[in-house]
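Every number in this text was worked out from the coordinates using simple rules, so none of it is lab data. Keep in mind it's a predicted model, so treat the numbers as computed, not measured. Here the Cβ positions follow ideal geometry from the backbone for every residue, glycine too, while neighbour counts run over all protein chains shown.
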Amino acid sequence: MSPSAVLDLGTNTFRLLIFRSNPARKLTRLRVERHTPRMGEGAAESGRISPASCKRGETVLRQYDAILRKERVAEVRAVATGIFRVAKNAGAVLQRLSRALSHPIRVISGKEEGRYTLSGRARSVRPVGLLLL
């Protein structure tokens, strides 16, 4: 089975996870990347993603695109959060970032982001015993 990938594009940090899943839906991590393009830098004052931040984001996503091609990733899901929900120029920046990545990027709501965060945390917890109250 070919690997899949998810990307989390946040206000400060971009994350890439490449994984393989088996028929029982158990995930095996193949590669994890984390870079900090600081997309929100200066946005509190201007309400916009700066050209410098956009350029840093494009650079990171070109690197991720090369990794995805090298690893022969079959399915890619990219989501954007935080700054991409509020910046006045988010649409234009996302178009540039999608081109750099060669994949579409979907902006998710804060509620959806919270569900994914909770789901990820729940999967990372290992039961260590039984607690009775």
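Below are the figures for this structure:
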item: 13 Å beta-carbon shell around Leu61, net charge (K/R +1, D/E -1); result: +3
item: Reachable lysines from Lys55, criterion Cα separation under 28 angstrom, eight or more residues apart if same chain; result: Lys70, Lys88
item: Cross-link partners of Lys111 among aspartates and glutamates (Cα-Cα below 17 Å; sequence separation of 8 or more within a chain); result: Asp8
item: Residue-wise HN-Hα coupling along region 85-96, computed from phi with Karplus coefficients 6.51, -1.76, 1.60 (Hz; x: Gly, Pro); result: 7, 10, 5, 4, 10, 4, x, 5, 5, 4, 4, 5
item: Karplus-derived HN-Hα couplings along region 51-67 (A = 6.51, B = -1.76, C = 1.60, θ = phi - 60°), whole Hz, x at Gly and Pro; result: x, 5, 5, 4, 4, 4, x, 4, 4, 4, 5, 5, 4, 4, 4, 5, 5
item: Whole-Hz ³J(HN,Hα) from phi, Karplus 6.51 cos²θ - 1.76 cosθ + 1.60, for region 28-42, glycine and proline x; result: 10, 6, 9, 6, 10, 10, 9, 9, 10, x, 6, 4, x, 4, x
item: Ranking of Val60, Val76 by count of other Cβ atoms within 10 Å, fewest first; result: Val76, Val60
item: Where trypsin sites (Lys or Arg not before Pro) fall in DSSP loop in region 27-56, at most 13 other Cβ within 10 Å; result: none
